[in-house]
Amino acid sequence: MRSTGDYYLASDIMQESFTRYLERYGKNSESAALLYTIGRNLIYDNARKQKRNARLQSDPDNPIDDSEHYLMVREQYRQVLSAMQTLKTDERDILALTVSSQLSYREISSIVGISESNVKVKVHRARAKLRQFIQAGE
């Protein structure tokens, strides 16, 4: 969801990732790194297709509820997604893995192919950039 910004596309990519993983490696294999890599590649494939087709993307906004709380949460979510888009792709991927998975820095480093200390540095810098972007928007 953080990478695509579209709930339905993210759901499709997640489903396709699991399907490809199970078809290729079966139920006996458990590798979060491999599953993540398949998903990331599907996101890249989708981005290439969108570029190639040069379609205009429609606004993914849902009808707005009257609830003030809903609006506030939705606005904060948009700010975070917008801030995430300002990050470099590798920073965004590493931060998403850190926040949304239960993977250790060592496991993340093996997924993305960099050292564990470099993962920590990139996470720290990405968080600092997000903080600056969100505070500038307030």
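The values are calculated or read from the model by the stated rules, or taken from the named source; none is laboratory data. Just so you know, these numbers come straight off a predicted model, no measurement behind them. Here the Cβ is made from the backbone with ideal geometry for all residues, glycine too, and neighbour counts use every protein chain on show.
Points worth noting:
- Output for region 84-138, where each listed residue is among the charged types (D, E, K, R) and without any contact (Cβ under 8 Å) to a residue 40 or more places away in the chain: Lys88, Asp90, Glu91, Arg106, Glu116, Lys120, Lys122, Arg125, Arg127, Arg131, Glu138
- A count restricted to region 91-118 and to residues that are of a type outside the set (A, V, I, L, M) and exposed (fewer than 13 other Cβ atoms within 10 Å of the Cβ) stands at 7.
- Selection within region 79-111 - in contact with a Leu (Cβ under 8 Å, 6 or more places away or on another chain) and farther than 23 Å from Asp6 by Cα: Leu103, Ile108, Ile111
- Scanning region 49-72 for residues that are surrounded by 10 or more Cβ atoms within 10 Å (Cβ to Cβ) and either within 30 Å of Ile111 (Cβ to Cβ) or at pLDDT 80 or above (or both) returns Lys49, Gln50, Pro60.
- For beta carbons closer than 7 Å, sequence separation of 6+ or different chains, a first residue in region 20-41 that is under 21 Å from Thr89 (Cβ atoms) and a second that is in a helix (DSSP H, G or I) and small (Gly, Ala, Ser), the qualifying pairs are Ala33/Ser110; Leu35/Ser17; Ile38/Ser17; Gly39/Ser17.
- Helices (runs of 4 or more DSSP H) fully within region 76-138 counting 3 or more residues that are more than 14 Å from the chain's Cα centre (by Cα) and modelled with pLDDT of 85 or more: 105-112, 116-137
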